[in-house]
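Novice: What follows is a structure written as structure tokens; I'll ask about it next.
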Amino acid sequence: RGAFTDVLDALTVLLHERARDATARGDETAARRAVRAIPVVESAKRAAEGNANPQVVTAQLLDRLAGAGR
């Protein structure tokens, strides 16, 4: 579980970086999408820290990220 939550931490950092870069470029749409994805990843991280199956958490995360990217 530790490696899985480490990946989710790295994804959160990446999303923060993308939001900053998009804001610097003036791309509000991309910035908004990255910002909306952060709580989705954080929620998956909380689920992964509990007694959840990482494959199920990943499937749910991908589904929710697809919705956040719209």
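Novice: For the range 49-61, enumerate the residues that are open to solvent by 70 Å² or more (accessible area, probe 1.4 Å) and more than 13 Å from the chain's Cα centre (by Cα).
Specialist: If the condition is that a residue be open to solvent by 70 Å² or more (accessible area, probe 1.4 Å) and more than 13 Å from the chain's Cα centre (by Cα), then E49, N51, N53, Q55, V56 are the ones that fit.
Novice: Considering R46, R18, which residue is out of contact with any strand residue (DSSP E or B) (no Cβ under 6 Å at 6 or more places or on another chain), among the basic types (K, R), surrounded by 11 or more Cβ atoms within 10 Å (Cβ to Cβ) and at pLDDT below 95?
Specialist: Just one listed residue meets the conditions, R46.
The values are calculated or read from the model by the stated rules, or taken from the named source; none is laboratory data. It should be emphasised that the depicted structure is a prediction, and the values quoted were computed from it without experimental measurement. Here the Cβ is made from the backbone with ideal geometry for all residues, glycine too, and neighbour counts use every protein chain on show. For accessibility, only protein heavy atoms count, side chains too; no ligands or nucleic acids. Shrake-Rupley method; radii C 1.70, N 1.55, O 1.52, S 1.80 Å.
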